[in-house]
Number of protein chains: 2
Amino acid sequence: MPLGKDYAEQDCGIARTLEIVGERWTMLIVRDCLYGVTRFSDLQAHLDISKAVLAERLEGLVMHGVLEKTTGPGHPEYLLTPAGRALWPLINAMAQWGNEHGHGGRRPNRSFRHAACGTKIDIHGFCPTCRTVPPVSDIESVPERKSSRTDPVTERLRGPHRMLDPLR
Amino acid sequence: MPLGKDYAEQDCGIARTLEIVGERWTMLIVRDCLYGVTRFSDLQAHLDISKAVLAERLEGLVMHGVLEKTTGPGHPEYLLTPAGRALWPLINAMAQWGNEHGHGGRRPNRSFRHAACGTKIDIHGFCPTCRTVPPVSDIESVPERKSSRTDPVTERLRGPHRMLDPLR
């Protein structure tokens, strides 16, 4: 369906967000970056998408200031900018809504917990124990059941993992 | 790009959410329903999309339990279910992120305020004055500048509007 990808006539922050992260796969790339994935090959292995689609999405995220691409020696890495890290509340809300309403009763694969107290945060990112909204760097992602995937990113996420800690 | 619309190999709540609300236009339909729009003709006028695309998206939202379609006499209406209303934190996070990072410095069109105190809520939905996360029914959407659109929904949103209050 040739619908374009902007929403020029929609004067609204939601439309602007969708123009930057609304394309297919883009939010899952941001998710992986928040987990600490930084390399093209790891993103590709974890997402099972073509190099062409991944390269196009990454280019868009760099252009819109969500990711920064390193230019030093060795493999380039993709790092979240402050605007990219600020997508955390959106990613958390999507994960929690999907876990609650999208799994048909299946147990969620992972939970997000406040590292300081181990409590699951809610859909707003709020920790009910500490009565605060912890920053993403204080969140731990904890597996709730075993994944059947065997790619390198899934393997490195077998145990609890602090968000943003590099997963190389 | 024939990429399909599911994410069968992604065992993750975010992927489940994207399968339900990730298609082009769907989140803007949910936005309008949270504003209180209930009618096909109003959605179409506010979104400027074809009847075919709108009908297909609404059918998907009804099928996934996000909307309920009334069947009484008169025009059918589309009403958010509890699962649909639970998308509020996601819509709020998208609006706030887009206002902050997607407008290229342009003033946001509307703000979301806690009706009880008039304070702008943050990207987490948190009211810093009352130190609470108000439910969507306690949020007022307030225009911050005049929209140039002239469709019936935009006209009815010229002033402050309590979220979920029917906009007919």
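The values are calculated or read from the model by the stated rules, or taken from the named source; none is laboratory data. Predicted model, so just to flag it, every value in this text is computed and none were measured. Quick reminder, even Gly has a Cβ in these numbers, built from the backbone with ideal geometry, and neighbours come from all protein chains shown.
Scan the range B:127-148 residue by residue and report those that are crowded, with 16+ Cβ neighbours inside 10 Å and of a type in the set (D, E, K, R). Passing the criteria: B:Asp138, B:Glu140. Return a yes/no flag: does the range A:157-165 have any residue that is farther than 19 Å from A:Asp32 by Cβ and more than 11 Å from every other protein chain (Cβ to nearest Cβ). No: zero hits. For the range B:78-89, residues that are assigned to a loop (DSSP other than H, G, I, E, B), at the interface with chain A (Cβ under 7 Å from one of its Cβ atoms) and surrounded by fewer than 21 Cβ atoms within 10 Å (Cβ to Cβ) total 1. Scanning the range A:49-77 for residues that are among the charged types (D, E, K, R), within 13 Å of chain B (Cβ to nearest Cβ) and without any contact (Cβ under 8 Å) to a residue 12 or more places away in the chain gives a single hit, A:Glu56. Among the conditions (1) crowded, with 22+ Cβ neighbours inside 10 Å; (2) over 14 Å from the mean Cα position of the chain (by Cα); (3) under 17 Å from A:Val37 (Cα atoms), the only one that A:Trp97 does not satisfy is (3).
Return the pairs, sorted by first residue and then second, in which the second residue is in a helix (DSSP H, G or I), the first residue lies in the range A:125-147 and is more than 10 Å from A:Phe112 (Cα to Cα), the beta carbons are less than 7 Å apart, and the residues are 6+ apart or on different chains. Qualifying pairs under 7 Å: A:Ser147/A:Thr154. Answer yes if at least one residue in the range B:10-29 is closer than 22 Å to B:Arg168 by Cα and either more than 9 Å from chain A (Cβ to nearest Cβ) or among the hydroxyl-bearing types (Ser, Thr, Tyr) (or both), and no otherwise. Checked against the condition, which is being closer than 22 Å to B:Arg168 by Cα and either more than 9 Å from chain A (Cβ to nearest Cβ) or among the hydroxyl-bearing types (Ser, Thr, Tyr) (or both), the range B:10-29 yields at least one hit. Yes or no: A:Gln44 closer than 30 Å to B:Val62 by Cβ and either facing chain B (nearest Cβ under 10 Å) or in contact with a helix residue (DSSP H, G or I) (Cβ under 8 Å, 6 or more places away or on another chain) (or both)? No, not satisfied.
Number of residues in the range A:49-77 that are more than 18 Å from the chain's Cα centre (by Cα), part of a loop (DSSP other than H, G, I, E, B) and under 24 Å from B:Glu9 (Cβ atoms) equals 1.
Residues that are assigned to a loop (DSSP other than H, G, I, E, B), within 21 Å of B:Tyr7 (Cβ to Cβ) and in contact (Cβ under 8 Å) with a residue 24 or more places away in the chain do occur in the range A:10-23, at least one of them.
If you check A:Leu34 against the conditions, is it over 30 Å from B:Val142 (Cβ atoms), within 11 Å of another protein chain (Cβ to nearest Cβ), aliphatic (A, V, I, L, M) and in contact with a helix residue (DSSP H, G or I) (Cβ under 9 Å, 6 or more places away or on another chain)? For A:Leu34, the condition - over 30 Å from B:Val142 (Cβ atoms), within 11 Å of another protein chain (Cβ to nearest Cβ), aliphatic (A, V, I, L, M) and in contact with a helix residue (DSSP H, G or I) (Cβ under 9 Å, 6 or more places away or on another chain) - is met. On the stretch given as the range A:115-137, residues that are closer than 19 Å to A:Leu87 by Cβ and modelled with pLDDT of 95 or more total 9. Taking the conditions (1) modelled with pLDDT of 95 or more; (2) touching a Gly at 6+ places or on another chain (Cβ under 7 Å) in turn, A:Leu87 satisfies each one other than (2). Scanning the range A:154-165 for residues that are of a type outside the set (Asp, Glu) and modelled with pLDDT under 95 yields A:Thr154, A:Arg156, A:Leu157, A:Arg158, A:Gly159. Considering only residues that are facing chain B (nearest Cβ under 7 Å), within 22 Å of B:Pro134 (Cβ to Cβ) and among the polar types (S, T, N, Q), which ones fall in the range A:90-131? Answer for the range A:90-131, where residues must be facing chain B (nearest Cβ under 7 Å), within 22 Å of B:Pro134 (Cβ to Cβ) and among the polar types (S, T, N, Q): just A:Gln96. Look at (1) at pLDDT 95 or above; (2) more than 12 Å from the chain's Cα centre (by Cα); (3) in a loop (DSSP other than H, G, I, E, B) and you find that A:Thr38 fails only one, number (2).
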